[in-house]
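Report on the following structure.
The values are calculated or read from the model by the stated rules, or taken from the named source; none is laboratory data. Remember, it's a predicted structure, so these values are computed and weren't measured experimentally. Note: ideal-geometry Cβ built from the backbone for every residue, glycine included; neighbour counts use all protein chains shown.
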Amino acid sequence: MIYAALFSAGVPKRFMRGSADQLNANIEAGGTWRRVSESITTLGDVPPLSHLEAPGELIEIDAAGDFRAGRPAPEAETLATVIAALSDQVNSERARRLIQPVTVNAISLDADAASQQSLFDALATLTIAGPAPSVQWVDGANNIIALTVADISAFCNAIFDRRAAEFLRARETKDAIAAASTIAAAVSIFDLFISEGAT
């Protein structure tokens, strides 16, 4: 599987993980794919196009829609194959969104899996032991701050609310993609989903 960023007019537009054929089937006029590190999850962190090598197995298409680099045009993929690939990408994007920092009352905390578990554990401990005036915590900027039990509870609620909203949005998107009658329509629905979560 290849993890790549799609560039258009030299600007990264979205990420996709898939086979070379899947990436090639989801390119657009004027677009070009570039392999990027799996650690890059936001478009703002993608290196400039000139710093990334063009992988030979991925194609490039000029603004007129003609192939200009890479392998010959791949066989057209079936709508079902594209729908399956896009649904997998929706799942990956949902997972990325669920671990982004969460902000409550102007306080931002990391919300990766380990950080979320620490918040849940702290809330459970303080609920059992009895509320303390506050606890020491490290925020997303590595500052030591004081959080009350109410603060921790608010962060936990925000995480759960976001999880419910993202799962619902992903489910709606996958259902819409599955109902698409053309590859172009399926990709358009996917692109809208990605644009809504761009950071």
Exercise for the section: For residue 122, indicate whether it is farther than 22 Å from residue 15 by Cα and not assigned by TED's automatic domain parsing to the domain that holds residue 2. Expected result: yes
Exercise for review: For segment 165-181, indicate whether the set of residues that are hydrophobic (A, V, I, L, M, F, W, C), at pLDDT below 90, part of a helix (DSSP H, G or I) and crowded, with 16+ Cβ neighbours inside 10 Å is non-empty.
Suggested key: no
Of the candidates 121, 112, 139, the one satisfying the condition of being closer than 26 Å to residue 41 by Cβ and surrounded by 13 or more Cβ atoms within 10 Å (Cβ to Cβ) is 139
### Message
When you scan segment 75-90, do you find a residue that is in contact with a strand residue (DSSP E or B) (Cβ under 8 Å, 6 or more places away or on another chain), among the polar types (S, T, N, Q) and modelled with pLDDT of 90 or more, even just one?
### Response
yes
The condition from (1) in a loop (DSSP other than H, G, I, E, B); (2) modelled with pLDDT of 90 or more that residue 108 misses is numbered (1)
Inside segment 1-27, the number of residues satisfying the requirement of being in contact with a strand residue (DSSP E or B) (Cβ under 7 Å, 6 or more places away or on another chain) and either closer than 21 Å to residue 97 by Cα or not small (Gly, Ala, Ser) (or both) is 17
Taking segment 143-156 and keeping residues of a type outside the set (Ser, Thr, Tyr) and surrounded by 12 or more Cβ atoms within 10 Å (Cβ to Cβ) leaves 145, 147, 149, 151, 152, 154, 155, 156
Selection from segment 97-109 of residues surrounded by 15 or more Cβ atoms within 10 Å (Cβ to Cβ) and either out of contact with any strand residue (DSSP E or B) (no Cβ under 8 Å at 6 or more places or on another chain) or not assigned by TED's automatic domain parsing to the domain that holds residue 165 (or both) yields 97, 98, 99, 100, 104
Of those in segment 18-51 that are in contact with a helix residue (DSSP H, G or I) (Cβ under 6 Å, 6 or more places away or on another chain) and either assigned by TED's automatic domain parsing to the domain that holds residue 92 or assigned to a strand (DSSP E or B) (or both), the residue farthest from residue 112 (Cα to Cα) is 33
* Asked: On the given criteria, is residue 193 surrounded by fewer than 16 Cβ atoms within 10 Å (Cβ to Cβ) and in a helix (DSSP H, G or I)?
  -> no
